[in-house]
Each structure stands twice: as C-alpha cells, then as structure tokens.
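Below: one structure, written as structure tokens.
A short reminder: the numbers here are calculations on the coordinates, not readings from a lab. Here the structure is a predicted model, which means the values were calculated and not measured. Cβ sites come from the backbone with ideal geometry, for glycine too, and all protein chains shown count toward neighbours.
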Amino acid sequence: MSIVSSLQASTIESLSALFNQAFTEKDFQVNQTKPEFEGDYTIVMFSLVKSLKLSPEAIGTQLGEHLVKNFPQLFSRFNIIKGFLNLTVTDNYWTALLQENYNDICYGKKPMNGKKVMVEYSSPNTNKPLHLGHLRNNFLGWSVAEILKASGYEVVKSCIVNDRGIHICKSMIAWERFANGATPQSTNTKGDHFVGAYYVRFNDEYKKEIEALIAAGSDKETAEKEAPLMKATQQMLLDWEAGKPDVITLWKKMNGWVYEGFDVTYKRIGSDFDIIYYESNTYLLGKDIVQQGLNKKVFYQKDDSSIWIDLTADGLDEKIVQRRDGTAVYITQDIGLHLQKYEQYKIDQSIYVIGNEQNYHMKVLQLICKKLGLPNADNIFHLSYGMVELTTGKMKSREGTVVDADDMVDEMIATSKQHTEELGKVKDFNAEELAALYDTIGLGAMKFYLLRVDPKKTMVFNPEESIDFHGFTGPFVQYTYARIKSILRKAGVDSSWFIVHSSTAMIHAPLTINLLKLEKDLLVTLEQYPAAIEQACNEHNPSVVANYVFNLARTFNSFYTEHSIANAESEEKKKLRLYLSVFVAHVIKSGMQLLGISVPERM
RNA sequence: GGUCCGGUAGCUCAGUUGGAUAGAGCAUCAGCCUUCUAAGCUGAGGGUCAUUGGUUCGAAUCCAAUCCGGAUCACCA
C-alpha cells in the first residue's frame with residue numbers, strides 16, 4: 001500500500017472516529033508538502049469545513065493529534081499552517097520501505113492481471129525511409145508496451161506494413177521508367193532510401209506533366225487526373241489487385257529492398273514486433289466486410305458503384321469505403337485488420353499509436369466498426385501523438401527538411417563518441433565495448449529526448465538541444481546510474497554482498513537511525529515509483545516515467561554531493577546509504593528500461 | 001466555414017480530482033574537483049500562466065466569449 005493510500009485510509013478512520021460520520025478519500029486532498037514547510041505530506045482542510053462546520057485550524061488540530069496518537073508507526077508529528085495539516089512520516093516507515101524493496105528488481109511492477117492488449121505502432125509505408133516522426137512513434141509504441149507489461153497486461157506488439165496502394169505504385173512506376181535497372185546493390189544505397197528516392201522522383205515527374213498539361217490548356221484538376229504517370233499508376237494498382245505477374249514481381253522486389261533497409265534501422269533503434277501484418281494480406285478481408293456491410297445496409301452504393309457510409313447523423317461526413325473501380329481505400333483494410341486482430345488474439349484492448357493528423361480517421365474507423373457490430377469496437381484506443389516540428393517549422397519532404405531516422409541515429413552516436421573521448425573516462429575499454437557504449441548513450445539521448453514530452457503535444461525538435469547531454473537528458477540519468485555502480489564496485493557491493501546482507505539477521509535488525517533530509521528525499525521519491533508507472537499506464541504516457549526517473553537521478557546527485565557513502569559518519573549510515581544507492585540504481589535501470597533505454601555500468 | 005487539439009520564463013517542457021510564494025532543463029551570471037565518476041553540485045536573475053469575464057474560502061487548472069497557432073473535413077495513406 002502506498003504512503004498516500006495509507007494516509008487516506010488513516011485519515012478516513014480518524015475523521016470518522018472524531019466526527020462520527022462517514023468519509024471517503026474524495027472528501028479531502030492529500031498533497032506532498034511544499035519544501036518550505038515542515039512535513040512530508042499535507043492534508044488540505046478546506047473541503048471539510050462545510051460539512052463539519054468547524055474552522056480549518058480546529059479540524060486540523062484534532063485530526064493531527066488523532067493521527068499521531070493512533071498511527072504512531074506512520075506519523076511522528078504534525079503542524080498546521082492556515083488550512084493545511086502537514087504530517088511528518090516516521091523515519092521507521094521509510095527505512096522499512098528501504099529494507100523491504102532495495103534489492104527487488106520488480107519493485108513498482110504489478111502482477112499479471114489476465115488482460116491482453118495489442119499495441120500497434122511503427123506502421124511504415126514501403127515507399128520511403130523512416131524519419132524523425134517515425135522515431136517518436138516507435139519509441140512511444142515500444143515504451144507504452146513496456147509500461148503496460150509492468151502494469152500486469154499481456155502485450156502483443158504489432159505492426160501494420162503499408163505495403164500496397166496507390167502510393168506504393170508511384171515508386172514502382174518511377175523505378176520502371178527512370179531507374180534503368182539500378183538496384184540498392186548497384187548504387188550502394190540502403191534499400192529503403194533507394195526506393196524512397198523513386199517516390200520523390202515520381203512526384204517531380206508528375207508535377208512536370210501537370211505543368212505541361214496546364215500549359216497546353218487544361219485546368220489544374222483535369223491535369224492532375226489526366227497526367228500519363230497518374231493514369232499508369234492507377235492502372236498498376238488495378239493490375240496489382242488483379243495479381244498481374246510482372247507487377248507482383250516488381251512489387252515484391254522493391255518491397256524486399258525496403259524491408260532490408262528497415263531491418264537495419266529497427267535493429268539499431270531496438271524496435272521489434274510479435275506480429276507483422278501486411279496490408280496486402282488484410283485489405284481483402286476489409287473488402288469482404290464492406291460487402292457484408294452493404295448487405296446489412298450499413299453502407300450504400302452510389303450510381304458510379306463506389307461504396308459509402310453516411311456518418312452525418314454522428315456529426316461526421318460521408319466516408320468512402322471502396323472506390324468506384326472496386327479497389328480498397330485506406331480505411332477498408334483497417335476495418336479488416338481490426339477484426340483479424342481480435343479473432344487472432346482475443347485481445348481486450350487494441351491500441352493504435354498513430355499521429356494526431358489521423359484523429360478524424362480513427363474516429364471514423366471506430367464508428368464504422370461499431371455500426372458494423374464488429375466485436376471489441378469499443379476497445380479501440382487511438383494513442384494520438386503530436387507532430388515533431390523543427391525550429392524552422394514543419395518537416396516537409398518536398399523541401400528536403402525531413403530529418404532522416406538513420407542520419408539522426410548516426411549523429412547521436414557520433415556525438416556520444418565525441419563526448420566520451422573528450423572526457424576520457426573509459427580509456428581501458430576495447431573497441432567492442434566502446435561501440436556498445438556509444439550506442440547506449442547516443443540512442444539513450446535520442447529516446448529520452450523524444451519521450452520526455454507528453455505524447456499528445458506537438459513537439460519542437462531542436463538539433464542543438466537534442467545532442468546536449470546535460471540536464472534533463474538520457475545521458476544525465478545514465479551517468480547517475482554509472483556513478484552509483486562505480487561506488488558499489490568500490491565498496492565491494494556485489495552479488496555475494498547481497499547474499500550476506502539479505503540474511504534474516506539483517507531483516508530482523510531494522511535500521512533505526514534518523515534520516516537526514518536528502519536521505520529521506522530519496523526515499524520519498526523512490527516510494528513514488530509505483531504510482532508513476534500506474535499514472536504512465538493510465539495515461540499511456542511515457543513522459544511520466546521520463547520525468548520521474550530524471551527527478552530521482554537529480555535527487556540522488558544532490559545527495560551524493562552532500563554526503564559520503566563509502567566514508568559515511570558511521571557503519572550504520574554507510575549501510576543505509578549503500579542500500580539507498582542499490583535501490584536507486586535498480587529503479588533507474590527499471591524506469592529507463594520502460595523507456596527502452598539501457599544503462600551502462602560505466603561511462 | 002464545421003470539428004478537434006494547443007497557447008505557462010529568452011528557448012524546450014512539467015504542473016495530479018481546483019490549494020500555500022507557479023517548477024525543471026537549456027541559455028546568462030557567480031561559485032564548487034588533493035577524498036565515492038564535474039556528462040555532476042550550489043546559488044542568482046528571469047512570469048500579466050494568450051486576453052476578458054464568470055464560478056468560490058481559493059483558479060495556470062473549471063465555465064463562457066475573444067485573439068493567436070496547428071490538425072482535419074480526399075475515390076492520398
């Protein structure tokens with residue numbers, strides 16, 4: 001039971017005893033006491049004034065006295081300032097917390113709750129390489145999955161690869177027309193970048209055709225429709241859906257190149273999936289469901305034979321679910337995939353990590369699933385995250401201002417190498433150890449940077465700030481961990497030390513020494529870790545963990561500078577601080593792991 | 001135009017169901033390495049919480065209006 005819950009329970013009990021009525025935890029507020037006042041937690045009296053018809057001071061005095069008298073194991077003293085009852089929690093409470101949990105690597109995590117959640121994330125298109133926005137998506141998806149696991153859910157990580165559709169045909173057409181048989185191998189280019197270049201090429205050539213048509217007298221709309229490249233692309237999509245062999249062969253070849261490139265990137269950034277869906281496999285199921293929906297009159301067919309759903313009664317617009325030429329649109333396959341996910345895994349919840357530009361799309365998808373009566377439609381959750389913008393504005397592929405994921409990773413790792421070399425603390429590392437360290441720090445910095453902001457918010461990517469390894473950053477937290485590990489190594493705290501110190505003798509001899517302020521600050525922060533995970537889980541928000549773990553590291557660093565651990569004032573103090581250090585190290589490692597960031601033993 | 005999201009220090013962001021003098025990091029300035037890793041620590045300056053009104057003991061937080069920014073409303077995905 002957390003200190004806040006204990007506090008609420010004891011307050012309810014005391015209030016009921018004192019005033020002879022029933023209370024709930026909603027009748028009063030519990031806050032952490034502000035640093036300028038004495039105490040650890042504060043109960044706000046004002047909300048009780050009305051029902052009790054007493055002054056806040058009077059209630060506070062009675063309650064404070066009753067709490068200290070009846071819960072001596074929890075509270076040592078209290079003070080009242082205005083309507084705020086500040087309670088000091090006993091040192092025994094904190095030292096007991098320390099002894100019970102310092103060596104528990106599962107501290108903060110919950111037992112399995114029997115529920116299954118699918119987290120779909122990453123979801124790339126096979127016509128362009130991954131960029132900064134995808135990195136935010138991947139890190140979010142991974143981290144949310146870890147946070148759910150820590151909260152007791154069984155998690156299935158999935159990915160839907162957008163491997164078909166008109167946009168994929170664009171790069172295929174461009175390659176056919178302009179590549180002269182070039183391949184990633186022949187040009188020594190990473191496969192995803194290679195294909196991406198032809199997608200860009202398509203748009204360039206297409207634009208030229210439009211301009212030519214307009215110059216020849218067409219209006220813009222007609223020109224866009226009638227441009228030969230676009231016609232060829234549309235024909236190719238039809239051929240693809242008809243399974244025309246040469247189109248399928250080309251499609252497989254080009255997608256293969258992209259997957260080779262993606263594999264490299266995914267491996268580097270540490271993304272993986274339990275199941276990968278391909279749109280090419282799911283869109284047909286979607287089309288089946290569209291037919292059923294048509295029969296059920298959820299959908300209707302227009303004269304040109306395109307199929308629609310009317311959502312105007314729900315405050316939305318009409319939405320097309322199948323084109324007049326019979327091909328599937330984006331949402332068609334999403335409907336199919338929703339059903340497939342459920343039938344395959346019988347999941348309790350389906351989380352989609354998708355950018356907020358698709359809020360409308362996801363709303364429509366859920367509504368259509370509901371109207372079709374598909375199972376589990378109520379349990380679709382869109383984890384909608386904000387765009388990553390640059391200090392100079394939005395990323396625009398046309399203007400070449402897209403930050404490429406591979407470049408980004410390279411740069412972060414190079415920066416971590418440079419910093420590490422400048423500091424010269426790991427000169428005895430061999431090449432392999434160094435490479436691993438640079439990866440750990442560079443990726444750690446990048447992941448932390450993208451995860452420390454509330455997912456919902458549009459965030460600004462500042463290249464200079466992102467490679468800063470000081471302050472509210474991944475390397476700061478990693479550094480704190482490495483520092484603790486260094487102390488523990490020097491103090492001889494290893495697995496054998498734990499065997500000795502975990503003996504029953506230790507447990508029966510609790511630490512009874514008084515805590516200094518910074519020691520208690522650390523324990524108060526450590527106690528909040530389970531609550532931080534819970535909040536992160538409820539909000540699907542890894543930034544809660546990032547903020548928490550930074551705060552813990554900062555608190556430890558203050559403590560570290562102020563008090564010596566190995567040369568503490570007494571043996572008891574030394575023991576206490578070693579326990580504390582071990583506990584902090586465990587929680588930092590665990591919290592960072594929830595963010596997908598590993599921590600180095602040395603740096 | 002409709003719908004949705006946002007606006008907090010020079011910059012990037014926190015800020016729990018309304019609570020005490022609104023917090024961090026970066027940047028700026030001033031300090032701290034003969035003792036456990038200075039990727040660290042301590043301190044200072046920096047705020048009309050977009051604006052106006054309302055609700056109340058009490059509002060960055062809730063409500064309304066206005067201003068500004070973004071997303072979306074495609075036979076693109």
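Classify the range A:121-390 as rounded, prolate or oblate from the Cα gyration tensor: take a ≥ b ≥ c as the square roots of its eigenvalues, call it rounded if a/c is under 1.5, otherwise prolate when a/b beats b/c and oblate if not. Walk me through the numbers on the way to the answer.
Details: a/c = 1.82, a/b = 1.16, b/c = 1.57.
Cα axes put the range A:121-390 in the oblate bin.
Karplus couplings for the range A:236-242 from phi (6.51 cos²θ - 1.76 cosθ + 1.60, θ = phi - 60°), rounded to Hz, Gly and Pro as x?
These are the phi-based 3J(HN,Hα) values: 5, 5, 4, 4, 5, 5, 7 Hz.
How large is ³J(HN,Hα) for each residue in the range A:63-69, as worked out from phi by the Karplus curve 6.51 cos²θ - 1.76 cosθ + 1.60 (θ = phi - 60°), to whole Hz, x for Gly and Pro?
Values, residue by residue: 5, x, 5, 5, 5, 5, 6 Hz.
Rank these for me by crowding, A:CYS106, A:CYS537, A:CYS169, going from fewest to most other beta carbons within 10 Å. Spell out each step's value before the answer.
Numbers: A:CYS106 11, A:CYS537 22, A:CYS169 25.
Least crowded to most crowded, the residues run A:CYS106, A:CYS537, A:CYS169.
For the range A:405-594, calculate the relative contact order in percent as a whole number, restricting contacts to Cα pairs under 8 Å that are 6 or more residues apart. Before the final figure, lay out each step's value.
Values: 146 pairs, mean separation 46.1, N = 190.
Rounded, it is 24 percent for the range A:405-594.
Please compute the Kirkwood hydrodynamic radius over the range A:3-89, one decimal place, Å, based on all pairs of different Cα atoms.
Values: mean 1/r = 0.0798 Å⁻¹.
It is 12.5 Å.
Using a Cα-Cα cut-off of under 20 Å, which aspartates and glutamates could be cross-linked to A:LYS69, ignoring same-chain neighbours fewer than 8 residues away?
Correct list for A:LYS69: A:GLU13, A:GLU38, A:ASP40, A:GLU57, A:ASP91.
In whole angstrom, note down how far apart the Cα centers of the range A:32-94 and the range A:327-356 are.
If we compute the Cα centre of each part, the gap is 51 Å.
Can you sort A:VAL4, A:VAL329, A:VAL117, A:VAL477 from fewest to most other Cβ atoms within 10 Å of each residue's own Cβ?
A:VAL4, A:VAL329, A:VAL117, A:VAL477
If you line up the long axis of helix A:279-295 against the longest principal axis of chain A, both from Cα atoms, how many degrees apart are they, to the nearest 10?
With rounding to tens, the tilt is 80 degrees.
By what distance, in whole Å, do the Cα atoms of the range A:124-257 stretch along each of the three principal axes, largest value first?
Principal axes ranked by extent give 64, 35, 31 Å for the Cα atoms.
Can you tell me which lysines have their Cα less than 16 Å from the Cα of A:LYS208? Leave out same-chain residues fewer than eight positions away.
A:LYS170, A:LYS220, A:LYS225, A:LYS231
Using θ = phi - 60° and the Karplus curve 6.51 cos²θ - 1.76 cosθ + 1.60, what whole-Hz ³J(HN,Hα) does each residue of the range A:251-257 get, with Gly and Pro shown as x?
Listing the rounded values in order: 4, 5, 4, 5, 4, x, 4 Hz.
So how do A:TRP308, A:TRP94 line up by other beta-carbon neighbours within 10 Å, fewest first? Mind showing how you got there, number by number?
Values: A:TRP308 16, A:TRP94 21.
By the 10 Å Cβ count, ascending, the order reads A:TRP308, A:TRP94.
Ratio of chain A's C-alpha Rg to 2.2 N^0.38 Å, to two decimals?
Numbers: Rg = 29.6 Å, N = 603, 2.2 N^0.38 = 25.1 Å.
This ratio for chain A stands at 1.18.
Is the shape of the range A:541-592 best called rounded, prolate or oblate, per the rule: a/c under 1.5 gives rounded, else a/b larger than b/c gives prolate, else oblate, with a ≥ b ≥ c the square roots of the Cα gyration tensor eigenvalues?
Working: a/c = 4.49, a/b = 2.27, b/c = 1.98.
Since a/c reaches 1.5 and a/b is larger than b/c, the shape of the range A:541-592 is classed as prolate.
Rounded to two decimals, what ratio of Rg to Rh does the range A:405-594 give with C-alpha atoms and a Kirkwood Rh?
Details: Rg = 18.3 Å, Rh = 18.2 Å.
Reported Rg/Rh, Kirkwood definition of Rh: 1.00.
Going by alpha carbons, how many degrees (0 to 90, nearest 10) lie between the helix axis of A:571-594 and the longest principal axis of chain A?
Computed tilt is about 20 degrees.
On C-alpha positions alone, give me the angle between the axis of helix A:91-101 and the longest principal axis of chain A, in degrees, nearest 10.
Compared with the principal axis, the helix lies near 50 degrees.
List the lysines whose alpha-carbon lies under 21 Å from that of A:LYS341, not counting same-chain residues fewer than 8 positions away?
Answer for A:LYS341, where 21 Å is the Cα cut-off: A:LYS115, A:LYS116, A:LYS149, A:LYS157, A:LYS287, A:LYS363, A:LYS370, A:LYS371, listed by chain and number.
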